[in-house]
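The values are calculated or read from the model by the stated rules, or taken from the named source; none is laboratory data. Being a predicted model, the structure only gives us computed values, none of them experimental. Here the Cβ is made from the backbone with ideal geometry for all residues, glycine too, and neighbour counts use every protein chain on show.
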Amino acid sequence: MAMVQLDHLRKVYENGYVGVADASFDVGHGELLVLVGPSGCGKSTLLRMIAGLESITSGTLSIGERVVNDLSPRDRDIAMVFQNYALYPHMTVAENLAFGLKLRGTAREEIERRVGEAATMLDLGRMLPLKPAQLSGGQRQRVALGRALVRKPAVFLLDEPLSNLDAKLRLSTRVEIAKLHRDLDATMIYVTHDQIEAMTLGHRIVVMRAGEIQQIDTPMRLYQQPINLFVAGFLGSPAMNFFRGTVVADDGLALDLGSAKLALGDAVGAVARVGSELVVGLRPEDLIPANGSTPAHSLKARLELAEPVGNEIFLNMRAGEHTVVARVPPQEIPDVGSELQLVFRPERMHLFDPQSERRLDLAL
Ligand code: ADP
């Protein structure tokens, strides 16, 4: 059952700026949907429209099968968690947790029960008598989560909830949110600019760019079948390598990269003819150094810098004008300046039209 339905939602700000062009998707009951994209792409605007904090220019928004376009935030059965916690500094943790329920006139025993429940789930028991200033950033964000929790809303809306935390806390709080989501069977919409957060938390991810939705899919499908150059380059770290060039005949087909060549074999024949322009994308883990052989799918590149990070090594190379990054398991590192032969499996190539920037599908 769809818990939240967006039907052609559009936001034009008063100055004429299009914050969200045309958003249509459903969020299922119990789903954790992530909105991701670079800063300024409109993800907070969209979340705030769902929350009722930003007006809807056109389109229809339903929560739990009710059209809520004109309902105030408090009547939408949602709870929001912000990046900056937004706790009341003069209230204790217990009072902060109880405040929203009190405002709504919830009975005292019920408030106590729900605050106790949330404190247990989030391990806040010891902190109930403390004021926010006495807590660490991570603890404050747990209180903010708790405040949403006690409301038992139909939908949780989270706006960059981990951005104020340091790297280690971000990781542990991320795991907590994922567990909480599972334990509560809650419906969540989660905004982040961080692709790792999006990939690890999202059942499905909505990738946005400049107010436009680019692709909506599961993390793995987004990674394996990005619909255009933007999505391909946005998800994955290090990012996908892109090679832009003209297709030439060279013992099979190849992409002419100026002073280098990417051997394509004949697998691209269906979508690219000799003379046409093409962008080939290859992820760093799909480029494998294999000296000595001259297979059909390969590229020669010169090593500029090796970055060993323990469990793997990033090889930063150059092929003509193109920088190339390969991700390889720990091994003896070749000398800087040496030429490496990189091979790849043809089915790992991502092909894009350089004009439309859209994915071209290979019928392999
Ligand atoms: P994100 O959350 O993806 O970083 P936002 O949704 O906050 O992006 O903003 C999307 C775009 O809308 C930005 O370019 C921002 O400058 C613009 N914007 C936000 N609020 C307003 C406003 N009140 N009036 C005009 N433009 C706005």
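This table checks each residue for (1) polar (S, T, N, Q); (2) over 20 Å from Pro238 (Cβ atoms).
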| position | (1), (2) |
| --- | --- |
| Val274 | no, yes |
| Arg283 | no, no |
| Ala301 | no, no |
| Glu304 | no, no |
| Pro308 | no, no |
| Asn311 | yes, no |
| Phe314 | no, no |
| Val325 | no, no |
| Glu339 | no, yes |
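For the stretch 241-263, which positions are among the basic types (Lys, Arg) and either at pLDDT 90 or above or assigned by TED's automatic domain parsing to the domain that holds Thr200 (or both)?
Arg244
Condition test on Val271, is it surrounded by fewer than 18 Cβ atoms within 10 Å (Cβ to Cβ), not in a loop (DSSP other than H, G, I, E, B) and not assigned by TED's automatic domain parsing to the domain that holds Glu31?
no
Please find, within the stretch 61-76, the residue that is modelled with the lowest pLDDT out of those that are within 18 Å of Arg151 (Cα to Cα) and not in a strand (DSSP E or B).
In this case the residue turns out to be Arg74.
Return yes when Gly125 is surrounded by fewer than 17 Cβ atoms within 10 Å (Cβ to Cβ) and among the small types (Gly, Ala, Ser) and no when it is not.
yes
Every residue, every condition in (1) near the ligand (Cβ under 8 Å from one of its atoms); (2) outside the structural domain of Pro219 (by TED's automatic domain parsing); (3) in a strand (DSSP E or B); (4) more than 21 Å from Arg209 (Cβ to Cβ), yes or no:
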site: Phe25; (1), (2), (3), (4): no, no, yes, no
site: Ser39; (1), (2), (3), (4): yes, no, no, no
site: Thr45; (1), (2), (3), (4): yes, no, no, no
site: Ser55; (1), (2), (3), (4): no, no, no, yes
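From Ser44, Ser55, Ser24, Ser72, grab the single residue that is touching a Leu at 6+ places or on another chain (Cβ under 8 Å) and either closer than 21 Å to Ile216 by Cα or not β-branched (Val, Ile, Thr) (or both).
Only one candidate passes the filter, namely Ser24.
Of the conditions (1) touching a residue at least 60 places away in the same chain (Cβ under 8 Å); (2) in contact with a Gly (Cβ under 6 Å, 6 or more places away or on another chain), Ala119 satisfies every one except a single condition; which number is it?
For Ala119, the failing item is (1).
Within the stretch 85-109, how many residues turn out to be in contact (Cβ under 8 Å) with a residue 24 or more places away in the chain, in contact with a Lys or Arg (Cβ under 9 Å, 6 or more places away or on another chain) and surrounded by 14 or more Cβ atoms within 10 Å (Cβ to Cβ)?
11
Does the stretch 67-87 contain at least one residue that is farther than 30 Å from Ala21 by Cα and in the same structural domain as His8 (by TED's automatic domain parsing)?
Yes, because at least one residue in the stretch 67-87 is farther than 30 Å from Ala21 by Cα and in the same structural domain as His8 (by TED's automatic domain parsing).
What pairs can you find where one residue is in the stretch 13-32 and among the hydroxyl-bearing types (Ser, Thr, Tyr), the other is in a strand (DSSP E or B) and away from the ligand (no atom under 16 Å from the Cβ), and their Cβ atoms are less than 7 Å apart, with a gap of 6+ or different chains?
Ser24/Asp7; Ser24/His8
Given (1) more than 16 Å from the ligand (Cβ to nearest atom); (2) under 22 Å from Ile196 (Cα atoms), where does Tyr88 come up short, assuming only one miss?
(2) is the only condition that Tyr88 fails.
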